[in-house]
1. Just checking, does region 192-199 include any residue being open to solvent by less than 20 Å² (accessible area, probe 1.4 Å), in a helix (DSSP H, G or I) and either in contact with a Pro (Cβ under 7 Å, 6 or more places away or on another chain) or not hydroxyl-bearing (Ser, Thr, Tyr) (or both)?
2. How about region 234-249: which of its residues are assigned to a helix (DSSP H, G or I) and either at pLDDT below 95 or open to solvent by 50 Å² or more (accessible area, probe 1.4 Å) (or both)?
3. Can you find a residue in region 167-189 that is closer than 28 Å to Cys230 by Cα, among the polar types (S, T, N, Q) and touching a helix residue (DSSP H, G or I) at 6+ places or on another chain (Cβ under 7 Å)?
4. Of Gln100, Gln80, Gln91, which residue is of a type outside the set (D, E, K, R) and crowded, with 20+ Cβ neighbours inside 10 Å?
Amino acid sequence: MVASSTTRCRPSPSACGPASPDRARFGVAAALSTCAVFLLAGLREPARPARPPHRPLSEIREGAGFVFGHRLLRPVYVTQVVFNTAFFILQAVYVPYAVQHLGLSAAAVGATLATYGLGMVVGALLAPRILRALPFGVAIALGPVAGLAAAVVMVLTIWTPSVLLAGLSFFLIGAGPIVWVISTATLRQTVTPRVLLGRVSAINITAYGARPVGALIGAVVGGLYGAPTCLVVAALGFLVQAVVIMASPVLRLARQPEMVG
């Protein structure tokens, strides 16, 4: 009895923290982030001329006034806000939905999410050809339309659970919207006076503030009514953003506008 009471037990693998592959992944991510910090720290900015004192509130008003008063930039901004909200409604419930409803393993969930990045790469590579082949406004609308198509494909998995459909959905939501990012950035930079470009770009960034709102909506709707209902709500959001851009004057742009002096 004395000997057995003093015997030291080996901890089980579950008590030792994450398995070694997980530690390796975290280590690689930490190393890449550290490299990024050092690379950015090595950048040298050119000297800038002295500028008058900033007036933050006045500059925000000027940037917002230009965006919301511009017939092309206003619908682009509204589309971005609705798109980001809808996308993060979907993101909030996708992983539990994929595991519980689609029956996917952790590896399969990761693979479907990876198709989002693959779609972005493919879309970025094809963007120059798309912008040359299509009217400028149609190329801009491809992003919101692709987002709607992706949401519809994801909703189909409610009745036809399929890892292929889930992967296709994320591929579309990566490929189309990256063309949107490229084309709308071009539009914004050509129609905005140079003196306002920084302020207008800053207003554009605020559209990403809709993401936590979308995640909150997804959590509430998913918790109360289930993940399938949440996917339908996300699809309705994607429908709204597609309608906004399709009904706007942006769609009628045959070519890139002339650069504003």
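The values are calculated or read from the model by the stated rules, or taken from the named source; none is laboratory data. Predicted, not measured: the structure shown is a model, and the values here were computed from it. Virtual Cβ from ideal backbone geometry, glycine too; neighbours counted across all protein chains shown. We work out accessible area using only protein heavy atoms, side chains counted, and drop any ligands, DNA or RNA first. Shrake-Rupley method; radii C 1.70, N 1.55, O 1.52, S 1.80 Å.
1. Step one: of region 192-199, the residues open to solvent by less than 20 Å² (accessible area, probe 1.4 Å) are 192.
Next, only the ones that are in a helix (DSSP H, G or I) stay: none.
Scanning region 192-199, I find no residue that is open to solvent by less than 20 Å² (accessible area, probe 1.4 Å), in a helix (DSSP H, G or I) and either in contact with a Pro (Cβ under 7 Å, 6 or more places away or on another chain) or not hydroxyl-bearing (Ser, Thr, Tyr) (or both), so the answer is no.
2. Of the residues in region 234-249, the ones assigned to a helix (DSSP H, G or I) are 234-246, 249.
Selection gives Leu236, Leu239, Val240, Val243, Met246.
3. The initial filter retains those residues of region 167-189 that are closer than 28 Å to Cys230 by Cα, namely 167-181.
Now restrict to residues that are among the polar types (S, T, N, Q): 169.
Still in the list and also touching a helix residue (DSSP H, G or I) at 6+ places or on another chain (Cβ under 7 Å): 169.
Yes.
4. None of the other options fit; the residue is Gln80.
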